[in-house]
Amino acid sequence: MENKNLYERIALRTGIIILSFLFVAFVGIKLFDALLPIILACIFVAILKPLIKKINNSLSIKHSIISYIVGTIVLIIILFLTLWLFQVLISQVTGLVGNIINNWSQIVHSVNGFIRKINSNINLMPDFASNAIKSGLNSLYNFLGGLQKNAVNITLGFTTAFINTSNDVIFFAITFVVAFYIILGDMVNIENFYEKNFPEHSKKNLELINKVFKSSTWNYVKAQLKMGLMCAILMAIVLKFLGQEYFIPIALILGFVDLLPMIGPIIVLLPWSVIEFLIFNNTFKALALLILLTAWTGIRQVISPKIIGESADIHPLLSVISLYAGLRLFGVKGAIFFPIILIFIVGLYKSGILDNWIYDYKLFFKRVGEILDIGKKKINIPDSK
């Protein structure tokens, strides 16, 4: 009877795990995209909730009026910041593409000079090394051959995509604003409904899950966003000091790749410094980029444990697995969200919520080992005569 109950629990829990993975893989991502404006509205309301309660306790004004006033002020600030950032990005990106096109002949001349310099010494190398270098140079040359055309196509493609998705952007913004004001106005009613209609054990479980989410996943997300923003600001300041044109989109790209676990700005700054040194003969800028990379890596190693803390700490191998699996399965979105999901699962494990599950699986595999007679045994094998 005990074994039967164990097998029933294992079957049920395994089914839940399989259905959860299937839900995330086939429904969860699409559902997240569909509900993204409403999810963002809930996040903004949750962030504003302490401020609204504080103002409500200080002033004798109706709660909903305070909510609408604070929410409107925040939306106006977000609108102006979004428009300003969008205008800056558009001007910087178009200027960057135009600069590449205008200086194309100089870029090609520098690359050709680098290739000629390499070819003069390539025959002195072993065959395997010379063949590998020739193959790499051919790839580089072919890439540069189509880069000018690609730059124009990227600009036209971006403009076309923006025009085609303008209706979706408008619909997204309207849905977000409507959901934001509805949730603001019904905040008290939602809290009352939760208190009256949810049983106590469900409240305790939800509170525990919420605590785990805040202490691990939300802490990790906030920390990563803080460090990504710090990275972008530092990169922008240094690139501006180095005289780099259109430094804002480059700094934002560096801040974005800093969000990806186990990757970081090295994927951009290291090749960039090599190109500056070998192709453009700009030793100062190459060294400055390497110093910038080293400095940020050191700063990140120092501040990362303090900002993230131990609650969101996972093994580097798990970070690599989640990053690679997410990238292969769902592209950039998967690379961003898979580590976050893994952080949440690790947080649940550390909280003790899954102790019963883990105990059942340990007991199950122990029973399986006993049934299959797995383990070290003293077996007497008779001598063959």
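Assorted remarks:
- Relative packing of peptides 24-31, 248-255 - highest average C-beta neighbours within 10 Å first: 248-255, 24-31
- Taken one residue at a time, the phi angles of the range 213-225 give Karplus couplings (6.51, -1.76, 1.60, θ = phi - 60°) of 4, 5, 6, 10, 5, 5, 4, 5, 4, 4, 5, 5, 5 Hz. Gly and Pro are set to x.
- Note on I65 and L22: with the Förster distance fixed at 51 Å, the Cβ-Cβ geometry gives a FRET efficiency of about 0.65.
- Modelled FRET efficiency - R0 22 Å, N281 with E245, Cβ distances, 0.05 increments: 0.75
- Theoretical gain in end-to-end length, L363 to I170 [0.36 nm per residue, Cα-Cα removed]: 64.0 nm
- Note on E195 and L6: their simple-model spin labels are 4.6 nm apart, each label 7 Å out from Cα toward Cβ.
- Efficiency of FRET from Cβ geometry, L229 and I55, R₀ 30 Å, rounded to 0.05: 0.65
Bear in mind these aren't lab numbers, they're just calculated from the coordinates by the rules spelled out. Every value quoted in this text rests on a predicted model; they were computed, and no experiment measured them. Glycine gets a Cβ as well: all are built from the backbone with ideal geometry, and neighbour counts include every protein chain shown.
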